[in-house]
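The values are calculated or read from the model by the stated rules, or taken from the named source; none is laboratory data. What you see is a predicted model, and the numbers here were worked out from it, not measured in a lab. Ideal geometry is used to build each Cβ from the backbone, glycine not excepted, and the neighbour counts take in all protein chains shown. These area figures cover heavy atoms from the full protein model, side chains too; ligands, DNA and RNA do not enter into them. Shrake-Rupley method; radii C 1.70, N 1.55, O 1.52, S 1.80 Å.
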Amino acid sequence: MDEKLVQKVTEGDQQALGELYDRYGRPAYSLARRICADEGLAEDVVQEVFLAFWRDPRRFDPTRGAFVTWLLTLVHHKSVDAVRRESAIRRRTVPAAEDGEERSAPPGPGADQAALGAVVAGQVRAALDRLPAEQRQALALAYYGGYTQREVAALTGVPVGTVKSRMFTGVQRLRGVLGPLFGDPADQPGGAR
Amino acid sequence: VTGPENEPCRYQEWAVAWALHALEPDEEQEFRGHLPQCASCRAVVEDADEVLASLGAAVEQVDPPPSLRASLMSAAAQTRRAGRPRRRGRRRAVTSQPMSRPVHRSGDAATTRSPPVPPRPARPVTRGGPAAPAAWSRPRWRCWV
């Protein structure tokens, strides 16, 4: 499905762009909003990400992974950029111990995809919960908080080298636990172009 | 620097930090230079991207305002697409760069759209301004491609 829509966008089909937005605008916006903690900023990020894809669909390489992975990665990076640019202000007051209030939030209402997403989200949250607290904290501060490794080190009072290894090990562990979620690269035909 | 796929690279921790967008600017620049040469680090980045995207998908889901879709479609209708100049004869220098490094282009918001995307009318607040400064775009996505 995604492959066909991506292909259509590549061919200049604006309606296909709208369909991709209908599929992924919500998770994209949700992530941007979580990181930016600002709805207006989140809207800017989401629009810019989809427009960037529209402007040049070849930015996405289907041989390297799923479209949603690419999209959310870009949303994350743009959101972090926006936050860093916008404010050393508001968000920097978030307590260092904050490691994911979103994890207690209920899944969004409704539709099939949301329900499926909720199942996956539950698995991800469970995997996060199984991480050692210091790894979870380091990842959450970097991923959701937009802090650099050096900033995480300062916030948590440990050497940068320790932060680096915590992040690395944390991601590796999550990869191990969540591996089945990503076990389908063979389903990505890579033939969207 | 590049070893066999199964040989850890000394940059491998940086690869995860890169995926997290958590390197310092100087480190990021250094790693950007390393990545095209190192299949091992690229594999680490790709694996980490999937894991981290799943973290991104696990946040509380919130519906975007309907105006965002309308705004996006309106902007798309007025956005020149790479390699597909819609209005021949109106090419501008900033958009005529070759497509050989499509992922490496910077200035997404400010330099590659023509004609300019109008401000999103339906949204009352535009924090930070839509015409993002150069820092908006970090020309790093998949830069090894």
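Quick look at the values:
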read-out	value
Of residues in segment B:21-44 being within 15 Å of residue A:164 (Cβ to Cβ) and under 17 Å from the mean Cα position of the chain (by Cα), the one surrounded by the most Cβ atoms within 10 Å (Cβ to Cβ)	B:22
Residue that is farthest from residue A:119 (Cα to Cα), among those in segment B:58-79 that are open to solvent by 40 Å² or more (accessible area, probe 1.4 Å) and part of a helix (DSSP H, G or I)	B:77
The one condition in (1) in contact with a Leu (Cβ under 6 Å, 6 or more places away or on another chain); (2) surrounded by fewer than 24 Cβ atoms within 10 Å (Cβ to Cβ); (3) at the interface with chain B (Cβ under 10 Å from one of its Cβ atoms) that residue A:5 fails to fulfil	(3)
Some residue of segment A:47-59 being closer than 22 Å to residue B:61 by Cα, at the interface with chain B (Cβ under 9 Å from one of its Cβ atoms), open to solvent by 10 Å² or more (accessible area, probe 1.4 Å) and within 14 Å of the chain's Cα centre (by Cα)	no
Which listed residue, of A:169, A:73, is modelled with pLDDT of 95 or more, out of contact with any strand residue (DSSP E or B) (no Cβ under 8 Å at 6 or more places or on another chain) and surrounded by fewer than 19 Cβ atoms within 10 Å (Cβ to Cβ)	A:169
